Amino acid sequence: MRYIGRFFLWVFAVVGFLIIVVATSFATWFVIGGEEEEPLPQRIVLSLDLNEGVSELPAGGPFSLLSRDEGHVLRDVVAALEKAESDDRVSGIVVRMGSSGVGIATAQEIRDAVSRFREAGKFAVAYADSFSAMPGATAEYYLASAFDEIAMQPSGELAITGVAIEVPFVAGALEKIGVAARMEQRKEYKSAVETFTRKSMSAPARANLQELANSWFAQLTSGIAKGRNIAPEAARASVDQSPLLAKEAIERKLVDTLEYWPAVAESVKARAGASSGLVSLGHYIDEGNLPYTSGPTVALIHGIGPIVSSDGGATPFDDTRFFAAQSVAKAIADAAAAPEVKAILLRIDSPGGSYLASDTVWNAVMHARAKGKPVIASMAGVAASGGYFVAMAADRIVASPGTLTGSIGVYGGKFVTEGLWPKLGVTWDVVQAGKHAAIWSPFRDFLPSAEARLDAMMDAVYQDFTAKLAKGRNLSAAQVETVAGGRVWSGEAASKVGLVDTLGGLRTAIGAAKEAAGIAPEQDINLQEFPLPETPFERLMSLMAAEGGGVAVWIADGLGLRAQFAKMMEARVGPLLGELDVLRPPAGNLQMPPLRLRY
């Protein structure tokens, strides 16, 4: 039997090796070979479907390179539009949207790129089957308002319903099952713990979130008014009367034409003139010659997702990204040590997470600066709590007006389940050596002395956070208490209180990096990712090494079966899961409160 087992192990090993060889060969052919792209037409109308999704980074799955529909990378979209500004072949762009789910900050980055594209003499057309009401299309329409023409299907609707921020509260549910949340927070605006300790918002939390909603609402309505050349009062009135029918949108000058997509596609080609054709933005990007590919090197390092200490990333079953402190800190150190790197651009899109992990990256940024490498923090959609902790170490902070930031505070504690177990007929007993050996046990409450230790830890973390804030941002103690305490801010509001230096997106941050490094504004740069992107073979090896992987999983991935299943499930249960995502457990004690945003 032993020999039979070894024989089958040998067979499986050989089969696995052959599959790796075939898959690697196919991946290499796909990336560097495959069918030749058709030559671009003489007159180009760029075509972009934002409904396919737009994100900070490409899909992280090791087989994502085999798929053409993994969505768009924000940096590539902005760079392609920048290239097209001076490309005489490009007449304009048509963008499909309506269900992309873009956040406010992402909409602002693309909006700015479209505005510069139009200033170069190009046309821009936005098309949506519908700006639908689920979960809200205000930010998406705000993006569309930067285009010179908006078209919508006649049966569509315009749901510019405003901004809503919803917070879940589970204290009542915990009470029913005999679980108590023993939590401490620093300070009153650090409302993440309220999800577990209250049944509604506290007065400070409500006031702070209302200020945030008001800031976003003002940005959206003023942008819509400017883009559509209507009075701000008219824009706000349209929001209050939404959702609007298609004909009502026309009457209010919010939509220009009611047409189906085929007619819009033909009209933009006619607008470009003879010998014109639609060219996908992806095809245009593949042509190369994008900005930021030659010249002095600026390192681009991403910190995306909840901040954790150990290495993170996509797995075969879960494409959730984590801001892995060890990996990011190493990338910063490598960039700081590289003589060709003139500056470091740290792109952050994180709600925070672990205090220790955040401090690890903070220290890496400080060391890079000590070595003479300027560091610019570029905030994407969110850089709050631990995300801000990391950013405040940089020489300069750049954020979009709609970025969610701040949340400078800390919380901690545990869930006590001693009321649950009697309901189940379960009892717990303990022996211990050391007064606080069971301090984090969920089966018993804190001793008074243990609770005092928790208080001391929360005070220490808050004092460290605010001391580093005061030094890094050159704020007085009084200013620190005004901006800290757990308050959340929009990027626009944060810029007025000293938390952010400059408003803008990645392009603005690149300009700041050039300035800090002494590079002329008109000179191109080589924006080099650190760590270097994986090769196709390295991605395959990553998949093989991933926990929970296996031949069946990566064959299914390679054939696109898992992606097809994921899309099917997303269509059926995605909206529900999206509503429940706010209940995801936090990654650490420097994390912003769970918010369900509707705009």
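The values are calculated or read from the model by the stated rules, or taken from the named source; none is laboratory data. Treat the numbers as computed from the prediction; the structure is a model and nothing was measured. Note that we place each Cβ from the backbone using ideal geometry, even for glycine, and neighbour counts take in every protein chain shown.
Structure summary
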read-out	value
Candidate set from region 459-469 (those that are among the hydrophobic types (A, V, I, L, M, F, W, C) and crowded, with 16+ Cβ neighbours inside 10 Å); member that is nearest to Gln185 (Cα to Cα)	Val461
Residue check, Ala263 without any contact (Cβ under 8 Å) to a residue 40 or more places away in the chain, in a helix (DSSP H, G or I) and in the same structural domain as Phe131 (by TED's automatic domain parsing)	yes
Matching option when the condition is assigned by TED's automatic domain parsing to the domain that holds Ala520 and either without any contact (Cβ under 8 Å) to a residue 12 or more places away in the chain or crowded, with 23+ Cβ neighbours inside 10 Å (or both), among Ala357, Ala338	Ala357
Evaluation of Leu559 against (1) surrounded by fewer than 18 Cβ atoms within 10 Å (Cβ to Cβ); (2) at pLDDT 60 or above (one fails), failing number	(2)
Residue list for region 85-135, restricted to those being basic (Lys, Arg) and under 26 Å from the mean Cα position of the chain (by Cα)	Arg96, Arg111, Arg116
Of all residues making up region 413-446, the number that are touching a strand residue (DSSP E or B) at 6+ places or on another chain (Cβ under 8 Å) and not in a loop (DSSP other than H, G, I, E, B)	4
Test: residue in region 487-505 that is out of contact with any strand residue (DSSP E or B) (no Cβ under 8 Å at 6 or more places or on another chain), modelled with pLDDT of 50 or more and farther than 30 Å from Ala470 by Cα	no
Residue in region 270-283 that is in contact with a Phe, Trp or Tyr (Cβ under 9 Å, 6 or more places away or on another chain), of a type in the set (Val, Ile, Thr) and buried (at least 18 other Cβ atoms within 10 Å of the Cβ) present	no
In region 158-217, residue farthest from Val410 (Cα to Cα) [restricted to those that are of a type in the set (Phe, Trp, Tyr) and not in a loop (DSSP other than H, G, I, E, B)]	Phe217
Among (1) assigned to a loop (DSSP other than H, G, I, E, B); (2) under 30 Å from Val375 (Cα atoms), the one test that Asp459 misses	(1)
Positions within region 475-503 being surrounded by fewer than 20 Cβ atoms within 10 Å (Cβ to Cβ), under 26 Å from the mean Cα position of the chain (by Cα) and part of a loop (DSSP other than H, G, I, E, B), in sequence order	Val497, Gly498, Asp501
Residue that is surrounded by the most Cβ atoms within 10 Å (Cβ to Cβ), among those in region 505-523 that are part of a helix (DSSP H, G or I) and among the hydrophobic types (A, V, I, L, M, F, W, C)	Ala513
Residue match in region 124-141 (condition: in contact with a strand residue (DSSP E or B) (Cβ under 6 Å, 6 or more places away or on another chain) and farther than 21 Å from Leu244 by Cα)	yes
Subset of region 395-416 (residues that are surrounded by fewer than 24 Cβ atoms within 10 Å (Cβ to Cβ) and over 21 Å from Pro594 (Cβ atoms))	Asp395, Arg396, Pro401
Residue in region 339-355 that is modelled with pLDDT under 95, touching a Leu at 6+ places or on another chain (Cβ under 6 Å) and not in a loop (DSSP other than H, G, I, E, B) present	yes
Matching residues in region 111-139 - criterion: being within 18 Å of Gly505 (Cβ to Cβ) and in contact (Cβ under 8 Å) with a residue 60 or more places away in the chain	Arg111, Asp112, Ala113, Ala139
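Residues are listed down the side, and each one gets a yes or a no for (1) buried (at least 16 other Cβ atoms within 10 Å of the Cβ); (2) at pLDDT 95 or above:
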{"position": "Asp112", "(1), (2)": "yes, yes"}
{"position": "Arg118", "(1), (2)": "yes, yes"}
{"position": "Lys122", "(1), (2)": "yes, yes"}
{"position": "Val125", "(1), (2)": "yes, yes"}
{"position": "Ala133", "(1), (2)": "no, no"}
{"position": "Ala137", "(1), (2)": "yes, no"}
{"position": "Ser145", "(1), (2)": "yes, yes"}
{"position": "Ile165", "(1), (2)": "yes, no"}
{"position": "Arg182", "(1), (2)": "yes, no"}
